[in-house]
Amino acid sequence: MTTPSALLQVMMTAARKAGRRLARDFGEVSELQVSKKGPGDFVTQADLKSEEILKEELEKARPGYGFLGEEGGLDEGSDKTHRWIVDPLDGTTNFLHAIPHFAVNIALERDGAGIVAGLTYNPISNEMFWAEKGKGAFLNSEKRLRVSARRQLDESLIATGIPFAGKPGHGVFLKELHQLSQRVSGVRRFGSAALDLAYVAAGRFDGYWERGLKPWDTAAGWLIVMESGGVITSADGEPFTLENGTVLAANPDLHGPYLERLKAA
Ligand code: IPD
Ligand code: CA
Ligand code: CA
């Protein structure tokens, strides 16, 4: 049994509250698939509501911290040394299509220290992936997370994100997929960048790469992967930053071989 710090408990309480609401709304979404209007507006409301709950809960527990949310943008706050980075619903397309694979994503950035705490919570599977800088990464309260020990490229499973309508990078993606798919045992596109990173941390995926990401997609997972012994860089092998928007995360043995294939694309 691992006891999360007071800070993590604040984050978990907020994530569970937003997650309960998302899970309730998710139940409605499958009904709406067959309605004429479709679930679009309803999902937008669910997304906004989740962010509202997270902002309220986090502000209540840590007044004045800055808040960067996907929906509401940046609220600087009075305490310029701390900032929450939040995606209230990662995996919106899954949610919209009644596929139970999405997450609430919360990270805390501290001036000069980077991301010091992060969590990714899937309210449907009730899996809470979390990490604190220097203290390791965990699944729920009992399980220590470790990246996989797999070393052979051809036995490995890698996740990715495919650019969709309105996004750039389709050509580059196809070249990268061409390079990787012939060398690995499988490529997965599950539709939540946050859970893709958490699954690398949990050793379920051996690696994950994607371009065109935002800070709220990766802030929590960045720490969770590092605290599980993983390696995370940009998709070009540069040091990872939230602003770069590309990622390659993997176990330490396969990061190099994956990067080599990406560079060959
Ligand atoms: C998206 C998901 C998806 C990734 C996209 C993200 P959203 O986030 O993480 O897996 O491929 O790049 O924008 O829109 O569901 O919060
Ligand atoms: Ca997202
Ligand atoms: Ca989102």
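Among the numbered criteria (1) open to solvent by less than 40 Å² (accessible area, probe 1.4 Å); (2) on the phi < 0 side of the Ramachandran plot; (3) modelled with pLDDT of 95 or more, which single criterion is violated by G91?
(2)
Just one of E31, E71, E56 is under 23 Å from A107 (Cβ atoms) and in a helix (DSSP H, G or I); which is it?
E56
Do you know which residues across the stretch 185-241 are within 19 Å of A149 (Cα to Cα), of a type in the set (A, V, I, L, M) and outside any helix (DSSP H, G or I)?
Correct list: V187, A202, V231, I232.
If F240 satisfies all but one of (1) within 13 Å of ligand 1 (Cβ to nearest atom); (2) of a type in the set (F, W, Y); (3) open to solvent by less than 30 Å² (accessible area, probe 1.4 Å), what's the number of the condition it fails?
(1)
Suppose we filter A264, A250 for residues that are over 13 Å from the mean Cα position of the chain (by Cα), crowded, with 21+ Cβ neighbours inside 10 Å and within 19 Å of I162 (Cα to Cα); which single one remains?
Criteria check complete, one pass: A250.
Do we find that T233 is closer than 25 Å to H178 by Cβ, touching a strand residue (DSSP E or B) at 6+ places or on another chain (Cβ under 9 Å) and surrounded by fewer than 21 Cβ atoms within 10 Å (Cβ to Cβ) in this structure?
yes
The values are calculated or read from the model by the stated rules, or taken from the named source; none is laboratory data. Here the structure is a predicted model, which means the values were calculated and not measured. Don't worry about glycine lacking a Cβ; one is built from the backbone with ideal geometry, like all the others, and counts go over all protein chains shown. What goes into the accessible areas is simple: the full protein's heavy atoms, side chains included, and nothing from ligands, DNA or RNA. Shrake-Rupley method; radii C 1.70, N 1.55, O 1.52, S 1.80 Å.
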